[in-house]
Amino acid sequence: MSKQENTLQFGDVAIQILSNSDELTVAELAIQAGAVASIHQHPHEEVNYVVSGVLDFMCDGEVTTLRAGEAMRVPPNQPHNITCHPDAPGVVLTAWSPSRQDLIAKLAK
């Protein structure tokens, strides 16, 4: 699959699926400067590693600011979102377990 075929767009956030198995999905999130991802939750454990940019991660009402080289875990079923600071876009490497079959199904459409 090409990069375009592996990428989902949710507003100002592009999610490129890098790898997927039954137990794990790994993706790169490209987030536009100043973008705010909608608050959401899912039954998957999530780990986010900031590759570039400065981003605020809200998890269960608590906000943590992360910069390149920093990471945080989001427990399953916790409301969360990401806000990219307005100075520059952000890139986040994200892993979900178990696999995000809901996202994989959207790629097939």
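Of note:
- For PHE10, the conditions (1) under 21 Å from LYS109 (Cβ atoms); (2) surrounded by fewer than 16 Cβ atoms within 10 Å (Cβ to Cβ); (3) within 13 Å of the chain's Cα centre (by Cα); (4) at pLDDT 95 or above are fulfilled apart from (4).
- PHE10 being in contact (Cβ under 8 Å) with a residue 24 or more places away in the chain, aromatic (Phe, Trp, Tyr) and touching a strand residue (DSSP E or B) at 6+ places or on another chain (Cβ under 9 Å): no
- Options LEU103, LEU66, LEU93: the member that is within 15 Å of ALA37 (Cβ to Cβ), at pLDDT 95 or above, in contact with a strand residue (DSSP E or B) (Cβ under 7 Å, 6 or more places away or on another chain) and hydrophobic (A, V, I, L, M, F, W, C): LEU66
- When the strands (runs of 3 or more DSSP E) confined to segment 23-109 are screened for residues that are surrounded by 13 or more Cβ atoms within 10 Å (Cβ to Cβ), among the aliphatic types (A, V, I, L, M) and in contact (Cβ under 8 Å) with a residue 60 or more places away in the chain, those reaching at least 3 such residues are found at 25-31, 90-97.
The values are calculated or read from the model by the stated rules, or taken from the named source; none is laboratory data. Since the model is a prediction, treat every value here as computed from it, not as a measurement. When we count neighbours, we look across all protein chains shown, and the Cβ atoms used for this are built from the backbone with ideal geometry, even at glycine.
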